[in-house]
Amino acid sequence: MLASAYVDAVSRSGGDPVILPVVEDPAQAERLVASVDGIIFSGGADLTPGAYGEEIWNETVEIDSVRDRSDMALAKAALSSGKPVLGICRGAQLLNVVLGGTLVQDLPTQWEGAGEHNGGVWHRIGVEQGSVLFRLYGSDSLSVSSFHHQAVKDPARDIRVTARAADGVVEAFEYGQHVLAVQFHPEKMALSDPSWLALFQYFVGMSR
């Protein structure tokens, strides 16, 4: 079930949120993407490692095969359409994989020196100057809240990594002029700090 915080963030940012159904095939995905102005890929379960040529690493990896097939079809259609795309948490990981990248399946056991990224923990990230995040928030250091144990391992070709945590974990990236992805959860952060709606306002503006 999609968390209401995503819908709330889009509505508060001037957009009209539409929740897309699970799709069965690429043709259906293309029709649905054609019916909207932009698409957000939300957080959720882990992406199946088979999508990037790996076996499941350990018992912490929990997948939803039905959603994986649907989201991958929608992501391919969205990227091909040239419409604005925003990936959040799992959504960021999904976009990296669809574009040809790989994931760290379990940060605590696969990333040496990994800090705490799960359970809504707040931590600081370094932001690249000139990036969308830098332009929106005017700072090269931001405090964000995370709920994840997986992350981008090998960024896909032509992805521009624009933010990292102190432990080196990718926290944001851009692809071309229409794709923005963040590993943290701005929709949750916006519930207590409206300044985080700027990210959604940017997305809604691009979608118009």
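The values are calculated or read from the model by the stated rules, or taken from the named source; none is laboratory data. As the structure is a computational prediction, the values presented were derived from the model and not from experiment. Don't worry about glycine lacking a Cβ; one is built from the backbone with ideal geometry, like all the others, and counts go over all protein chains shown.
Restricting attention to region 70-93, does a residue exist that is surrounded by fewer than 17 Cβ atoms within 10 Å (Cβ to Cβ), more than 20 Å from His148 (Cβ to Cβ), at pLDDT 95 or above and of a type in the set (D, E, K, R)? Looking through region 70-93, at least one residue is surrounded by fewer than 17 Cβ atoms within 10 Å (Cβ to Cβ), more than 20 Å from His148 (Cβ to Cβ), at pLDDT 95 or above and of a type in the set (D, E, K, R). Candidates in region 4-41 are the residues that are in contact (Cβ under 8 Å) with a residue 40 or more places away in the chain, part of a loop (DSSP other than H, G, I, E, B) and closer than 16 Å to Leu197 by Cβ; of these, the one that is farthest from the chain's Cα centre (by Cα) is Gly14. Candidates are the residues of region 43-57 that are touching a residue at least 60 places away in the same chain (Cβ under 8 Å) and in a loop (DSSP other than H, G, I, E, B); the one that is nearest to the chain's Cα centre (by Cα) is Gly43.
Taken over region 14-31, the criterion of being in contact with a strand residue (DSSP E or B) (Cβ under 9 Å, 6 or more places away or on another chain) and under 25 Å from Leu103 (Cβ atoms) is satisfied by Leu20 alone. In region 99-116, the residue that is nearest to Thr60 (Cα to Cα) out of those that are among the hydrophobic types (A, V, I, L, M, F, W, C) and touching a Lys or Arg at 6+ places or on another chain (Cβ under 6 Å) is Val104. The residue of region 64-81 that is farthest from Asp37 (Cα to Cα), among those that are small (Gly, Ala, Ser) and over 14 Å from the mean Cα position of the chain (by Cα), is Ser65.
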